[in-house]
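Below is one structure. I have some questions about it.
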There are 4 protein chains.
Amino acid sequence: MSQYRVLIDANDEKGLVHKVSSIFYSYDLNILSNSEFVDRQSNKFFMRSVVEGNVDNTELFKALREVLPEHSGIKIVKPEKKNIIIMATKEIHALGDILIRHEAGELEANIVAVISNYDNLESFVKKFDIPYITISHQRLERQEHESKIIEAVQSYKEVDFIVLAKYMRILTPRFVETFENKIINIHHSFLPAFIGANPYKQAYDRGVKIIGATAHFVNNNLDEGPIIAQETIHVTHAYSWKDMQRAGRDVEKVVLSKALKLALEDRIFTYANRTVIF
Amino acid sequence: MSQYRVLIDANDEKGLVHKVSSIFYSYDLNILSNSEFVDRQSNKFFMRSVVEGNVDNTELFKALREVLPEHSGIKIVKPEKKNIIIMATKEIHALGDILIRHEAGELEANIVAVISNYDNLESFVKKFDIPYITISHQRLERQEHESKIIEAVQSYKEVDFIVLAKYMRILTPRFVETFENKIINIHHSFLPAFIGANPYKQAYDRGVKIIGATAHFVNNNLDEGPIIAQETIHVTHAYSWKDMQRAGRDVEKVVLSKALKLALEDRIFTYANRTVIF
Amino acid sequence: MSQYRVLIDANDEKGLVHKVSSIFYSYDLNILSNSEFVDRQSNKFFMRSVVEGNVDNTELFKALREVLPEHSGIKIVKPEKKNIIIMATKEIHALGDILIRHEAGELEANIVAVISNYDNLESFVKKFDIPYITISHQRLERQEHESKIIEAVQSYKEVDFIVLAKYMRILTPRFVETFENKIINIHHSFLPAFIGANPYKQAYDRGVKIIGATAHFVNNNLDEGPIIAQETIHVTHAYSWKDMQRAGRDVEKVVLSKALKLALEDRIFTYANRTVIF
Amino acid sequence: MSQYRVLIDANDEKGLVHKVSSIFYSYDLNILSNSEFVDRQSNKFFMRSVVEGNVDNTELFKALREVLPEHSGIKIVKPEKKNIIIMATKEIHALGDILIRHEAGELEANIVAVISNYDNLESFVKKFDIPYITISHQRLERQEHESKIIEAVQSYKEVDFIVLAKYMRILTPRFVETFENKIINIHHSFLPAFIGANPYKQAYDRGVKIIGATAHFVNNNLDEGPIIAQETIHVTHAYSWKDMQRAGRDVEKVVLSKALKLALEDRIFTYANRTVIF
């Protein structure tokens, strides 16, 4: 008996749940969990089922394809470890949190490498027997620098996600397109507040009483990709922006790890610059 | 076209979603929203669907009964206003919050009466043109007092829920049984911490850094019925227990109103002293 | 024995706490609570003390004036009810929450009137025996409309705060200057995200996972005055913007009432477009 | 110029702030931050000042001793790294979080050793060049086992805090007394709910909608020492107790690290089984 995660998105029409569940039934698949959502505004149907049984992937796919509306998205995956690459700069907290969870067996992931534009974190990462690749941006055009990173990433076959764990350089559209829907970033603010550089300084200057962090997929508009997870904490007048930064780190790491976990468990749909999360 | 809320609980078996959705399909009912949950530990299946179409209630019920396992629970309700009675003692905040929401048209409810063992809130409640019934407990045995309340409640036909909005007297098993699964209480602590009298005092004495409130159905064991909603807030050493009480009121009223809303929208299943909430 | 709240802000220098507390000591005043904060960046010192004893206000003021740096702010107030005017439009929740708290004796305030540009809330407010003044904006220039409101406010002597409880019209600089540092607004978003009109719609379009509300003093730049209090709640993909609006109301009312309470208890300093809150 | 943290607790009387601040002033010490609290119920005064200047510790102590009431507590410490020992069993998350923060230079602490009753975490801890001492409890009486741990701890001179990072064995009164006020524990529930073994299982059985974690000093009554920090998160009916356990880990580690930081920065007073935290 195997488990399968079946993810479907389609234009909504009457009977979709019926049609899909009929097929599960006909293949003698037991539904372990099932989530649906219809976005009335865009008339979009989303469904994620975890089923158990014995079935040929391709056959199930074909059967679903037959009953679902044209242009529907269908994804059938087994719960297996995905390959991820983590990109960082100099800060340890978000990266460290992922490495500890990996060590604890908590993540459905192989960390194939950590890539950074500095070597500061090398000795730390090597403790965990994970390859650390320093690709300095110094004396390089942005394009050149990114080409080297792309090359490094592509030297590993099948990288499912690139996790930006406080990678502090802006990515070009070329990079983003190369790994479309695969790049997860943690932004150190409650987006869309404080887009851009030094959000804690911005937050301090505005005198906010709450700060936050946002994990999102990266698209071509900086800090504007589909949001996966957000979290906030209270601050007071007594916080300098450095204090906010320090306090914010705890939120950043928890939110990024949460988003990564959702991605690894195939729980995220994206559409219209938003996410559906089951 | 009408809407129907269909609530099903059953012993889990393969194909339940398929069977139910087939029936919806055969009656030409469109699924507006659909939630399922299987409790693996007790092998219980729960499903709440909101469907749209034209169908005879009794016919749909029969059709579902036929395909579902024996002893399944099936409930089909139209989204209509339910009748509620609020019981209070002297405090205004939780009661007031419900009255304001009622005034704003936010609740699927008719408030048929407010019953209290004091007359303190009478002039306040009457502003809202809602009957206020004072049933003093003074010089009465507990049984006698409750008999009068039961009588008052039963003078209204079809009371769907009794909401204890800081009603500060203990109810006897007889009362609870008379209105089984219909009584919603707000307890001014994060249950199961601080069961019983003066929980804020208890919380203060224990030196907690968080206080909370718990809305729950009332069963025969005081403060031990199925929990519907909980919320917490931070406190500091600077809070006296009176300060905790004051701060706690904001949590109490929000949690009770939230629980009431869930109940009115038929979103709650109870089983094994717990709730499933869709 | 009386209580006095003493609020001091000054350019920081060595010995301020010593100097102030010496004066309290010399007047035989007992310190009930004491809070200080120094903003290192701007070198500003803030202190709020609640003291108990018998002293002449003017004398204490003079004594403090003598030992404090030039241009220091000194405020000595007794804990007495302040006069407030509430402005609203059509929504009841934020207004209602304040009225209930007022009814419960929870606020150090007299509500002298409610002013609205519609009469929708009139019958509700009148239940509480509070004057309701409808000043319609229809067929009036903005200036004209505001002149009428200013006139209405000024017909009451000594209005300490004007509370915008979802007053949905933009105020001109003239209005804001007339009641400088006296206007408290609730903005239905986590500022500075979603400035301007329909923030819930904006939040929905951005696909956020958290929404919030912000209470702030109003200055000439719309939604950019000093923030007093903020709160956030989680939302999911299943929330339409109407759902966000509904859920947001609970946050709005709690945050506005909290900010109002802080203001009434003289707990807020403002400087450099920020607040210090003790 | 050095910094000093001055912590004072005393029976309250008029003029304490005046007396202490006069002494700071006379020694030409600049107050960087200052917090006071008076517990009216027990008439206790607490004060924590961070001052800057040049002063002899013993002289300052004497000067304070002279003006303060008899039996006052006076503590003067420089902000220096404290020595801590971490005790763990098999779980990595809380331990790992502290090690990462230590690596990031975020903690005012030297981790002198990790002691465990299992060797599971040895290879992990050794990556960080921190001594790992396995003291198995197998085939040992509880007293014998603890004697070995006490011996190990005492082989290091001046251990300021012992941090129980999910150390899953009950400590005897002898152990607790040996390291009085030095042992910080993380309990995996919102105390005082779910005291004792397997709190997540207890929480699941009770059907709670919120779980939490509590960091506290350990005293002789299991899980009943003074609470330092607490945090909660929402759960739903869909959480098994294993899911609660998994989700709870994120809260546990954050709360424990927060409590440790407060302790290292000398921000905690304890009295009457409660804490005052500045």
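The values are calculated or read from the model by the stated rules, or taken from the named source; none is laboratory data. Only a predicted model underlies this, so the values are computations on that prediction, with no experimental measurement involved. Heads up, the Cβs are rebuilt from the backbone with ideal geometry, glycines too, and the neighbour counts pull from every protein chain shown. Each accessible area value is taken on the protein alone, full model and side chains, heavy atoms only, with ligands, DNA and RNA left out. Shrake-Rupley method; radii C 1.70, N 1.55, O 1.52, S 1.80 Å.
Starting from segment D:260-278, keep only residues that are hydrophobic (A, V, I, L, M, F, W, C), then list their pairs with residues that are surrounded by 20 or more Cβ atoms within 10 Å (Cβ to Cβ) and assigned to a helix (DSSP H, G or I) whose Cβ atoms are within a distance under 9 Å, requiring at least 6 positions of separation or different chains.
D:L260/D:I98; D:L260/D:R101; D:I268/D:A259
With respect to A:G53, is the statement that it is crowded, with 20+ Cβ neighbours inside 10 Å and not hydrophobic (A, V, I, L, M, F, W, C) true?
Details: crowded, with 20+ Cβ neighbours inside 10 Å: no; not hydrophobic (A, V, I, L, M, F, W, C): yes.
Considered against the rule, which asks whether it is crowded, with 20+ Cβ neighbours inside 10 Å and not hydrophobic (A, V, I, L, M, F, W, C), A:G53 comes out as no.
Conditions: (1) among the aliphatic types (A, V, I, L, M); (2) buried (at least 16 other Cβ atoms within 10 Å of the Cβ); (3) closer than 17 Å to A:F179 by Cβ. A:I150 meets all but one. Number of the miss?
Among (1) among the aliphatic types (A, V, I, L, M); (2) buried (at least 16 other Cβ atoms within 10 Å of the Cβ); (3) closer than 17 Å to A:F179 by Cβ, the lone unmet condition for A:I150 is (2).
May I ask you to list the residues in segment B:74-88 that are of a type outside the set (D, E) and open to solvent by 10 Å² or more (accessible area, probe 1.4 Å)? It would help to see each step written out before you state the result.
Applying the first criterion (of a type outside the set (D, E)) to segment B:74-88 yields B:74-79, B:81-88.
Across segment B:74-88, the qualifying residues are B:I74, B:K75, B:I76, B:V77, B:K78, B:P79, B:K81, B:K82, B:N83.
Taking the condition of being within 15 Å of D:S240 (Cβ to Cβ), assigned to a loop (DSSP other than H, G, I, E, B) and open to solvent by less than 10 Å² (accessible area, probe 1.4 Å), how many residues in segment D:182-226 meet it?
Within segment D:182-226, the subset within 15 Å of D:S240 (Cβ to Cβ) is D:198-209, D:211.
Adding the requirement that they be assigned to a loop (DSSP other than H, G, I, E, B) leaves D:198, D:207-209.
Retained after the next criterion (residues that are open to solvent by less than 10 Å² (accessible area, probe 1.4 Å)): D:207-208.
Residues in segment D:182-226 being within 15 Å of D:S240 (Cβ to Cβ), assigned to a loop (DSSP other than H, G, I, E, B) and open to solvent by less than 10 Å² (accessible area, probe 1.4 Å): 2 in total.
Looking at (1) away from chain B (no Cβ under 12 Å); (2) under 19 Å from the mean Cα position of the chain (by Cα); (3) surrounded by fewer than 20 Cβ atoms within 10 Å (Cβ to Cβ), can you tell me which one C:E106 breaks?
Just one mismatch for C:E106, condition (1).
From the set of residues in segment A:197-239 that are of a type in the set (S, T, N, Q) and closer than 20 Å to C:H216 by Cα, which is farthest from the other protein chains (Cβ to nearest Cβ)?
Filtering segment A:197-239 down to residues of a type in the set (S, T, N, Q) leaves A:198, A:202, A:214, A:219-221, A:230, A:232, A:236.
With the extra rule that they be closer than 20 Å to C:H216 by Cα, the set shrinks to A:202, A:232, A:236.
Numbers: A:Q202: 9, A:T232: 5, A:T236: 7 Å.
Only one residue fits best here, namely A:Q202.
Anything in segment B:158-181 that is open to solvent by 30 Å² or more (accessible area, probe 1.4 Å) and either in contact (Cβ under 8 Å) with a residue 60 or more places away in the chain or within 14 Å of chain D (Cβ to nearest Cβ) (or both)? List them, or say none.
B:E158, B:D160, B:M168, B:R169, B:N181 - these are the residues of segment B:158-181 that are open to solvent by 30 Å² or more (accessible area, probe 1.4 Å) and either in contact (Cβ under 8 Å) with a residue 60 or more places away in the chain or within 14 Å of chain D (Cβ to nearest Cβ) (or both).
Hey, among the residues in segment B:257-276 that are within 12 Å of another protein chain (Cβ to nearest Cβ) and assigned to a helix (DSSP H, G or I), which one's farthest from C:K253 (Cα to Cα)?
Filtering first and then ranking leaves B:L262.
So, one more: Looking at (1) closer than 30 Å to B:E106 by Cβ; (2) not in a loop (DSSP other than H, G, I, E, B), which is the one condition that is false for C:E59?
Every listed condition holds for C:E59 apart from (1).
Conditions first: (1) surrounded by fewer than 19 Cβ atoms within 10 Å (Cβ to Cβ); (2) touching a residue at least 12 places away in the same chain (Cβ under 8 Å); (3) in contact with a strand residue (DSSP E or B) (Cβ under 9 Å, 6 or more places away or on another chain); (4) at negative phi. D:H71 passes all but one, so which condition is the exception?
(4)
If you scan segment D:1-43, which residues turn out to be farther than 18 Å from C:F45 by Cβ, touching a residue at least 40 places away in the same chain (Cβ under 8 Å) and buried (at least 18 other Cβ atoms within 10 Å of the Cβ)? Let's see the steps before the verdict.
Here is the first cut: in segment D:1-43, the residues farther than 18 Å from C:F45 by Cβ are D:1-16, D:19, D:23, D:26-27, D:37-43.
From what is left, the residues that are touching a residue at least 40 places away in the same chain (Cβ under 8 Å) are D:1-11, D:13, D:16, D:19, D:23, D:37, D:39, D:42.
If the condition is that a residue be farther than 18 Å from C:F45 by Cβ, touching a residue at least 40 places away in the same chain (Cβ under 8 Å) and buried (at least 18 other Cβ atoms within 10 Å of the Cβ), then D:Y4, D:R5, D:V6, D:L7, D:I8, D:D9, D:A10, D:L16, D:K19, D:I23, D:F37, D:D39 are the ones that fit.
Any residue at all in segment A:31-52 that is away from chain B (no Cβ under 14 Å) and of a type in the set (G, A, S)?
yes
Conditions tested, residue by residue: (1) closer than 25 Å to B:A238 by Cα; (2) among the hydrophobic types (A, V, I, L, M, F, W, C); (3) within 13 Å of another protein chain (Cβ to nearest Cβ).
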site	(1), (2), (3)
D:I8	yes, yes, no
D:E13	yes, no, yes
D:V20	yes, yes, yes
D:Y25	no, no, yes
D:D28	no, no, yes
D:V55	no, yes, no
D:K62	no, no, no
D:G73	yes, no, no
D:P79	no, no, no
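Counting only residues that are of a type in the set (V, I, T) and buried (at least 19 other Cβ atoms within 10 Å of the Cβ), which one in segment D:89-103 is nearest to the chain's Cα centre (by Cα)?
Residue satisfying both the conditions and the ranking: D:I98.
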